[in-house]
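Right, one structure below, let's go through it.
The values are calculated or read from the model by the stated rules, or taken from the named source; none is laboratory data. Keep in mind the model is a prediction, meaning the values are calculated, not measured. Cβ placement follows ideal geometry from the backbone for every residue including glycine, while neighbour counts extend to all protein chains displayed. Protein only, heavy atoms only, side chains kept; ligands, DNA and RNA dropped before computing areas. Shrake-Rupley method; radii C 1.70, N 1.55, O 1.52, S 1.80 Å.
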Amino acid sequence: QKEVEQDPGPLSVPEGAIVSLNCTYSNSAFQYFMWYRQYSRKGPELLMYTYSSGNKEDGRFTAQVDKSSKYISLFIRDSQPSDSATYLCALKRRYSSASKIIFGSGTRLSIRP
Amino acid sequence: DTGVSQDPRHKITKRGQNVTFRCDPISEHNRLYWYRQTLGQGPEFLTYFQNEAQLEKSRLLSDRFSAERPKGSFSTLEIQRTEQGDSAMYLCASSPSPTGDPSNQPQHFGDGTRLSIL
């Protein structure tokens with residue numbers, strides 16, 4: 001079983017729709033949760049970084065963490081064609097000296113104009 | 001803050017050749033990471049440095065791979081005797097010194113070096 005599961009998509013929605021992206025994980029040792037956006041032939045760009053359970057909002061983006069269910073989500077409101085990219089969830093263990101990131105496989109998102 | 005810089009952006013080489021990639025982290029970031037990403041997958045951790053010390057290596061990093069960060073600034077990743085399976089995007093990331101919990105700083109990625117083995 002993979003440590004992080006993420007639906008690869010592709011996910012196609014019309015412009016202006018609310019997008020919901022999700023990941024599940026298996027190990028409760030993960031305590032830091034991130035969402036990265038990756039455009040084609042580019043590196044991952046950090047969108048959201050959270051530690052605790054609950055919601056964190058930044059503009060049109062909301063990250064939600066449910067540690068009891070081991071489930072994390074990213075919501076995008078008022079989606080734009082420029083949001084078309086691959087979205088990677090990522091996790092880190094707390095108090096890990098290496099602090100390496102464990103990534104999901106990514107969800108490919110397409111916003112139709 | 002110019003971001004993490006990687007060079008070259010794309011490298012095409014014949015199987016069996018040696019290749020070297022360079023990463024310049026965000027200035028004053030003392031942690032530097034190398035990841036490998038294949039098509040349709042998320043990045044996988046290879047190794048990381050704190051200043052000039054290489055503190056962890058993944059089992060993905062075979063003997064043909066070597067990474068250095070001689071002065072605690074830029075880093076190089078060398079692959080010797082390249083194989084078809086080495087074709088991937090090699091990503092570098094950096095993060096500042098942690099405060100308290102050593103895991104608590106986010107990593108910022110460069111745009112990677114895409115390696116193609118003929």
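Assorted remarks:
- Restricting segment A:52-113 to chymotrypsin sites (Phe, Trp or Tyr not before Pro) in coil, as DSSP defines it, with at most 14 other Cβ within 10 Å: A:95
- Within chain B, DSSP assigns beta bridges of which about 90% are antiparallel (rounded to the nearest 5).
- Lys/Arg +1, Asp/Glu -1 at C-beta; the protein assembly as shown dipole; positive extreme among A:32, B:77, A:62: B:77
- Of B:22, B:59, B:36, the one that fluctuates the most in a GNM where chain B has Cα springs shorter than 10 Å: B:59
- Dipole magnitude for the protein assembly as shown: about 480 debye, using +1 per Lys or Arg Cβ and -1 per Asp or Glu Cβ, origin at the Cα centre.
- Averaged over peptide B:35-41, the number of partner chain Cβ atoms lying within 10 Å of each residue's Cβ comes to 3.
- Toward the positive end of the charge dipole of segment B:19-114, with +1 on the Cβ of Lys and Arg and -1 on the Cβ of Asp and Glu, the farthest Cα among B:106, B:27, B:60 is that of B:60.
- Average beta carbon contacts from partner chains per residue of A:36-49, 10 Å cutoff: 5
- Annotation for residue B:81 and residue A:69: the two label points, set 7 Å from Cα along the Cα-Cβ direction, are 5.1 nm apart.
- Overall form of segment A:20-102 per C-alpha gyration tensor (a/c, 1.5; a/b vs b/c): oblate
- For the cross-link pairs A:2/A:56; A:92/B:14; A:2/B:57, the ones whose C-alpha atoms lie over 32 Å apart are A:92/B:14.
- Coupling constants for segment A:73-87 follow from the phi torsions by the Karplus curve (6.51 cos²θ - 1.76 cosθ + 1.60, θ = phi - 60°), and in residue order they are 9, 10, 10, 10, 8, 6, 4, 10, x, 5, 7, 5, 5, 9, 10 Hz; glycine and proline get x.
- Taking every DSSP beta bridge that has both ends in the protein assembly as shown, the antiparallel portion is near 90%.
- Global size of chain B: 13.8, 46 Å for Rg and Dmax (C-alpha atoms, Rg to one decimal, Dmax whole).
- Computed over protein heavy atoms with a 1.4 Å probe, the accessible surface of chain B works out to 49 Å² per residue.
- Where trypsin sites (Lys or Arg not before Pro) in DSSP loops with at most 14 other Cβ within 10 Å are excluded, longest remaining stretch of chain A: A:3-40
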